[in-house]
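Student: Here it is, the structure, as structure tokens.
The values are calculated or read from the model by the stated rules, or taken from the named source; none is laboratory data. Predicted, not measured: the structure shown is a model, and the values here were computed from it. Ideal geometry is used to build each Cβ from the backbone, glycine not excepted, and the neighbour counts take in all protein chains shown. Note: areas computed on protein heavy atoms with side chains; ligands, DNA, RNA excluded. Shrake-Rupley method; radii C 1.70, N 1.55, O 1.52, S 1.80 Å.
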Amino acid sequence: MNDKMNNRMDVTILGIESSCDDTSAAVLKNGVLLSNIIANQKIHEAYGGVVPELASRAHQQNIIPVIHAALKQAGINKEDLSAIAFTRGPGLLGSLLVGTSFAKGFSTALNIPMVEINHLQAHVLAHFIKQNESDANHPSFPFLCLLVSGGNSQIILVRAYNDMEVVGQTIDDAAGEAFDKCAKVMGLPYPGGPVVDRLAKEGNPKAFKLNKPQIPDYNYSFSGLKTSFLYLLRDELKKNPHFIEENKADLCASLQYTIIEILMDKLRKAAKDLKIKEVAVAGGVSANSGLRAAFEEHAQKYHWKIYIPPFAFTTDNAAMVAMSGHFKYLNNDFCPMDAVPFSKVVV
Ligand code: KG4
């Protein structure tokens with residue numbers, strides 16, 4: 001295994017991501033993306049959220065075709081791979097087991113090392129994926145990364161590829177959860193975030209005043225906002241049963257505006273206190289058009305250098321796993337065969 005590792009000039013990494021409801025495989029050669037295949041699982045839409053058992057079954061069906069497609073699109077043979085990087089956690093245990101088991105089997109068969117990847121760190125390191133040889137647009141250390149997804153809302157101080165500190169995080173719901181749950185009570189389909197984003201474009205963000213949390217440090221809370229949104233609907237529906245239908249765009253715009261204000265208030269505070277001007281955003285919610293606009297405004301007003309990922313790298317994807325694997329590979333940071341997935345942990 002070691003001879004193979006050390007003699008290679010090129011570093012070619014296969015990344016595997018299966019932490020939630022997306023089965024993804026990607027190939028990266030010397031940090032340049034060759035392929036990134038994602039199989040989404042539509043089955044969960046009918047349930048209004050991810051059903052863990054159904055997710056792991058779908059991963060089992062998807063994993064081989066997805067990996068096959070990633071290798072084919074990359075134009076490489078499996079023998080060209082230097083290592084296999086897989087998401088070890090956090091995530092749904094049954095889902096993670098599928099990717100982890102596949103990585104173990106494949107690395108044994110090919111006699112190449114395995115690299116275990118923390119899903120949250122991978123979202124941050126997605127900023128280093130090169131779309132082509134000359135792509136050099138990535139943050140400089142140290143930088144702050146706002147990581148906002150369906151399961152996490154964190155402000156991370158990134159000192160190096162392998163040195164990250166969570167300086168703030170949600171004490172209850174994540175920002176994506178706030179989007180999704182509020183969308184659900186309005187009767188919008190799952191996941192609600194993108195739907196709220198679309199409808200918000202037509203609405204007035206100041207139409208409804210929603211609660212903003214008062215919590216210390218750089219931490220977040222979204223459960224109060226969710227409750228205040230729920231109470232607003234409950235009270236207004238008593239007066240007018242068509243309230244949601246008649247005010248959908250304004251409700252979405254006000255909700256989105258408040259979530260973004262909460263996120264940016266703390267990020268601005270952290271950037272100011274830590275004297276950092278390089279600021280990135282990552283995770284599913286970073287696809288939000290209002291949040292992207294808020295980043296642009298902050299760049300202008302506070303002279304931040306901002307990094308917003310391409311849409312393909314906002315939601316779960318294996319390219320970010322392969323990127324993290326690339327850095328770990330260069331560090332000879334490999335993982336043993338008895339590595340088991342973990343469901344919960346912070347960066
Ligand atoms: O990172 P991600 O793909 O998955 C995990 O959380 O594991 O993030 C999914 C979250 C969902 O809550 C979804 O509603 C939200 O990202 N999301 C958005 C948008 N696109 C995805 N939220 C707001 N606006 C969007 N455009």
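Student: Carbon and sulfur atoms: what percent of the 1.4 Å accessible area of the chain do they account for?
Tutor: Answer for the chain: carbon and sulfur cover 52 percent of the accessible area.
Student: Suppose each label sits 7 Å from its Cα in the direction of the beta carbon; what would the Lys269-Glu45 distance come out to in nanometres?
Tutor: 3.9
Student: Right, another one. Of the DSSP beta bridges with both residues in segment 143-309, give the percent that are antiparallel, rounding to the nearest 5.
Tutor: Here the share of antiparallel DSSP bridges comes out near 60 percent.
Student: Semi-axes of the chain's equivalent ellipsoid from the Cα gyration tensor, sqrt of 5 times each eigenvalue, largest first, rounded to whole Å?
Tutor: That gives 37, 23, 16 Å for the three semi-axes.
Student: In terms of modelled amide H atoms, which long-range or inter-chain residues lie less than 5 Å from the amide H of Val167?
Tutor: Ile155, Ile156, Leu157
Student: For the pairs Lys181/Lys201; Lys226/Lys275; Lys42/Lys206, note any where the Cα-Cα span goes beyond 24 Å.
Tutor: Lys226/Lys275; Lys42/Lys206
Student: For the peptides 304-310, 146-152, 45-51, what is the packing order when you average, over each peptide's residues, the other Cβ atoms within 10 Å and list the highest mean first?
Tutor: Most protected by this proxy first, the peptides run 146-152, 304-310, 45-51.
Student: Suppose a student asked you for the relative contact order of segment 225-347, using Cα pairs under 8 Å spaced at least 6 residues apart; what percent would you report?
Tutor: About 18 percent, as a whole number.
Student: Also, quick follow-up: Could you grab the relative contact order for segment 143-309? Cα pairs under 8 Å, six or more apart, rounded to a whole percent.
Tutor: Over segment 143-309, the number comes to 27 percent.
Student: Relative contact order of the chain: what whole-number percent is it, with Cα pairs under 8 angstrom and at least 6 residues apart?
Tutor: Result for the chain is 25 percent.
Student: Heavy-atom accessible area per residue, the chain, 1.4 Å probe: how many Å²?
Tutor: Ligands and nucleic acids excluded, the figure is 45 Å² per residue.
Student: May I pose another question? Only bridges with both residues in the chain count here: give the DSSP antiparallel percent, nearest 5.
Tutor: The antiparallel proportion sits near 60 percent.
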